[in-house]
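Colleague: Got a structure for you, questions after.
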Amino acid sequence: MDNLIVCLIEAKDTTTVHSKIVLTSALFFAPSPRTRIAEVRLVGRHPEVYEPCDDSFALVDALLADKAQLEELKPSLCLEVGCGSGYVITSLALILGNCSNSEVQFLATDVSEAAVHTTCSTLAAHHVNAEVVVADLVSGLEKRLDKVVDVLVFNPPYVPTPEHEVGVEGIASAWAGGDRGRMVIDRMLSIIDSLLSSKGIFYLVAVTENNPGEICQVMRCKGFASRIVVQRHTDEESLHVLKFWRVDDPLDQEGPTTPSVSPRTSSLHRTFSQRLARLVSFK
Amino acid sequence: MRLLTHNMLSCNIKGVTNGFPLAIEATTVETKEVDMNPDFLRHIFPKLEWKAFRDASHSLGVDDLPEQVDPDMLLDEEFLRRFHHALLEVHLEEGVLICPETGRRFPVSKGIPNMLLNEDEV
Ligand SMILES: C[S@@+](CC[C@H](N)C(=O)[O-])C[C@H]1O[C@@H](n2cnc3c(N)ncnc32)[C@H](O)[C@@H]1O
């Protein structure tokens, strides 16, 4: 059995790294001779940096569930936009780094300088190498990232808010998404085609208010197939993780709105998310 | 910021056509040792803009990279070592990246480049 143990360790303050383990969850994957351990600790806190929450966990769960496919893809370059605490990019690197794929380059951006610094600490604490840049989406990188990104992940500011709250300084820019929560998401959708490689995969977190079905339609017109890989209801929101990939024939794809999580995987998601929910209430 | 990052950045101000590579004005440069991973180096080599990388390494005080390169060099241990050092161990901690076309200055502070633009630049 291939065990992947995810531990979240809560640090007491930004300087204490050794701290209390509040969660240990064992996830079981398809049989494999090796045992792998991914430990992602939250090593830094900053009042203006988004702490990993249900949405972050849903995204990492989607990546974990796709581990085999991601390995098979043999990505050269993985990019996270809006890396916040660094929880997701660090997890992705650990998910991929434990296989033979040592050639992978990781890259992360965030519009918040504080977030980028927190990401650096999280990466360093887990001995993960990644390039990190303060950028608006991928500003300054677009020229050299032209159709070379193999895995792209984005947990955007998706909460519907008045438009003037979008992109302001401070923690609000971590969640404020403007009309239907789509302002930042839509800007991202418009550049996916210029970023993704021919085999590239894009993972996006969205909530019901963002109209995930319509997001999939928009992407279908741009030549991307889609699938909802995680769907999860919390007290506050209904989370979706959408997955997109290129298709030659825009019609040759599965229905975008059908959740296609296998029964085994979805029960796995449920157990994992329940434990994480407990973690969140613990805090 | 490592030179691998520098190699990926360009100035994206509206209307700029020649925003690569950014010139470097270095204030603080640090060296942090990391294990060498020849597979990573071989993989990344064809994707690098070599001239930009070599010029950037000069700005950070590294002078031992050849001007002309070919993939055969990746079999040479000594070359790999230099390549590894310049690409992944030398960090620009404090300094400025400068657009070759407009002279726009992008700050690098605590090792992080800031590529945000003002509203009138997008
Ligand atoms: C919901 S948080 C997700 C943080 C982290 N990836 C996670 O999953 O825990 C959204 C992040 O996107 C960043 N962000 C918001 N607008 C952005 C933009 N235009 N470009 C880059 N990052 C942005 C925020 O600063 C914040 O860190």
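Colleague: Accessible area lost on pairing A with B, both sides, 1.4 Å probe, Å² to nearest 100?
Modeller: 2200
Colleague: Sticking with this structure for a sec: In what sequence, largest accessible area first, do A:Ile89, B:Ile98 appear using a 1.4 Å probe?
Modeller: B:Ile98, A:Ile89
Colleague: Take peptide B:106-115, look around each residue's Cβ out to 10 angstrom, count Cβ atoms belonging to other protein chains, and average those counts.
Modeller: 5
Colleague: Taking amide hydrogens as modeled 1.01 Å from N in the peptide plane, which residues meet the under 5 Å criterion relative to A:Ser197, leaving out close sequence neighbours?
Modeller: The answer is A:Val148, A:Val149, A:Asp150.
Colleague: If I model a spin label as a point 7 Å beyond the Cα along the Cα-Cβ vector, how far apart are those points for B:Thr31 and A:Lys147 in nm?
Modeller: 4.1
Colleague: What is the local net charge at B:Val69, summed over the other residues whose Cβ is closer than 12 Å to its Cβ (Lys, Arg +1; Asp, Glu -1)?
Modeller: Cβ neighbours under 12 Å give a net charge of -2.
Colleague: Distance from the Cα centre of region B:3-39 to that of region A:149-182, in angstrom?
Modeller: Measuring centre to centre over Cα atoms gives 28 Å.
Colleague: Provide the solvent-accessible area of B:Glu77, counting protein heavy atoms only and rolling a 1.4 Å probe, rounded to the nearest 10 Å².
Modeller: Result for B:Glu77: roughly 100 Å² accessible.
Colleague: Further question on the same structure: R0 = 41 Å: FRET efficiency of A:Glu72 with A:Arg180, Cβ-based, nearest 0.05?
Modeller: Given R0 = 41 Å and the Cβ-Cβ separation, E is 0.70.
Colleague: Find the accessible area per residue for region B:67-122; the probe is 1.4 Å, ligands and nucleic acids are left out, and the unit is Å².
Modeller: Result: 52 Å² per residue.
Colleague: Here's a follow-up. With +1 assigned to the C-beta of every Lys and Arg and -1 to the C-beta of every Asp and Glu, and no other charges, what is the dipole magnitude of region B:3-115 about the Cα centre in debye, to the nearest 20?
Modeller: My answer is approximately 700 debye.
Colleague: At most 14 other Cβ atoms within 10 Å and a DSSP loop assignment: could you name the GluC sites (Glu not before Pro) in region A:107-181 that fit?
Modeller: Answer in residue order: A:Glu169.
Colleague: Compare B:Arg82, A:Arg144 by solvent-accessible area with a 1.4 Å probe and give them largest first, with all protein chains kept in place.
Modeller: In descending accessible area the options line up as B:Arg82, A:Arg144.
Colleague: Count charges around B:Asn37 for me, please; just the other residues with Cβ under 14 Å from its Cβ, Lys/Arg as +1, Asp/Glu as -1.
Modeller: Cβ neighbours under 14 Å give a net charge of -3.
Colleague: Region A:196-245 to region B:45-72: how many Å between their Cα centroids?
Modeller: About 40 Å separates the Cα centre of region A:196-245 from the one of region B:45-72.
Colleague: On to the next question. Summing +1 for each Lys or Arg and -1 for each Asp or Glu, what net charge is found among the other residues whose Cβ lies under 12 Å from the Cβ of B:Arg2?
Modeller: -3
Colleague: Which one of B:Ile44, B:Gly95, B:Val62 has its Cα pushed farthest toward the positive end of the charge dipole of region B:3-115, where Lys and Arg give +1 and Asp and Glu give -1 at the Cβ?
Modeller: Farthest towards the positive pole: B:Gly95.
Colleague: When the expected Rg is taken as 2.2 N^0.38 Å, what fraction or multiple of it is the alpha-carbon Rg of chain B?
Modeller: Normalised Rg, Cα atoms only: 1.09.
Colleague: So, one more: Amide H of A:Thr234 versus every other amide H placed in the peptide plane: which residues, excluding those fewer than 5 positions away on the same chain, fall under 5 Å?
Modeller: For A:Thr234, the qualifying residues are A:Leu239.
Colleague: Nothing charged except the Cβ atoms of Lys and Arg (+1) and of Asp and Glu (-1): what's the magnitude of the dipole of region A:91-239 about its Cα centre? Round to the nearest 20 debye.
Modeller: Taking the Cα centre of region A:91-239 as origin, the dipole is about 640 debye.
Colleague: Hey, another quick one. Expressed as an acute angle from 0 to 90° and rounded to the nearest 10, what is the orientation of the C-alpha long axis of helix B:50-59 relative to the principal long axis of chain B?
Modeller: The angle comes out near 80 degrees.
Colleague: How shielded is A:136-148 by partner chains, expressed as the average number of their Cβ atoms within 10 Å of its Cβ atoms?
Modeller: Across A:136-148, the average partner-chain Cβ count within 10 Å equals 5.
Colleague: Follow-up question, since we're still on this one. Mind jotting down the three principal axis lengths of region A:120-189 based on Cα atoms? Whole angstrom, largest first.
Modeller: 39, 30, 19
The values are calculated or read from the model by the stated rules, or taken from the named source; none is laboratory data. Small disclaimer: the values here were computed from a predicted structure and weren't measured. Please note: Cβ atoms are built from the backbone with ideal geometry, for glycine as well, and neighbour counts cover all protein chains shown. Please note that ligands, DNA and RNA were not included when accessible areas were found on the heavy atoms of the full protein model with its side chains. Shrake-Rupley method; radii C 1.70, N 1.55, O 1.52, S 1.80 Å.
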